[in-house]
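Read the structure below first, then the notes.
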């Protein structure tokens, strides 16, 4: 019985652990809150087709409509911080939530960004 309980506890912790493999894929921006106010994604970017693509080898793509910006991504050793470098200054995001369908990240600069996983 103890073995079963330990196994279930371990499985529960494993399911909630954030790993680089869970981050891989294409994520669409669906909500953006900055300084306590929800931003209008379409008004700001002129499209709702805003994606982050995290690839093997720590390759990163930011897709804004037809624009593609490339860079690198890195997950902290404790799996709580995502750093994206697609320009001059790397931006560090705290991982607020991550599961197979939804990712919420935040930073002082960008605010809180909610993404949904795109199934391809």
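Observations
- The range 51-94 - residue that is in contact with a strand residue (DSSP E or B) (Cβ under 6 Å, 6 or more places away or on another chain) and assigned to a loop (DSSP other than H, G, I, E, B) and, of those, farthest from residue 118 (Cα to Cα): 90
Yes/no per residue for (1) farther than 14 Å from residue 104 by Cβ; (2) in contact (Cβ under 8 Å) with a residue 60 or more places away in the chain; (3) loosely packed, with under 13 Cβ neighbours inside 10 Å; (4) in contact with a helix residue (DSSP H, G or I) (Cβ under 6 Å, 6 or more places away or on another chain):
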| site | (1), (2), (3), (4) |
| --- | --- |
| 23 | no, yes, no, no |
| 51 | yes, yes, no, no |
| 55 | yes, no, no, no |
| 66 | yes, no, yes, no |
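- Taken together, the residues in the range 96-120 that are out of contact with any strand residue (DSSP E or B) (no Cβ under 6 Å at 6 or more places or on another chain), over 17 Å from residue 50 (Cβ atoms) and surrounded by 12 or more Cβ atoms within 10 Å (Cβ to Cβ) amount to 2.
- Answer from 95, 64 - the residue that is more than 11 Å from the chain's Cα centre (by Cα) and within 19 Å of residue 34 (Cα to Cα): 64
- Failed item in (1) at pLDDT 95 or above; (2) more than 22 Å from residue 34 (Cα to Cα); (3) out of contact with any helix residue (DSSP H, G or I) (no Cβ under 9 Å at 6 or more places or on another chain), with residue 115 passing the rest: (2)
The values are calculated or read from the model by the stated rules, or taken from the named source; none is laboratory data. Keep in mind that what you see is a predicted model, and the values were worked out from it rather than measured. Because the Cβ atoms are built from the backbone with ideal geometry, glycine has one as well, and the counts that use them run over all protein chains shown.
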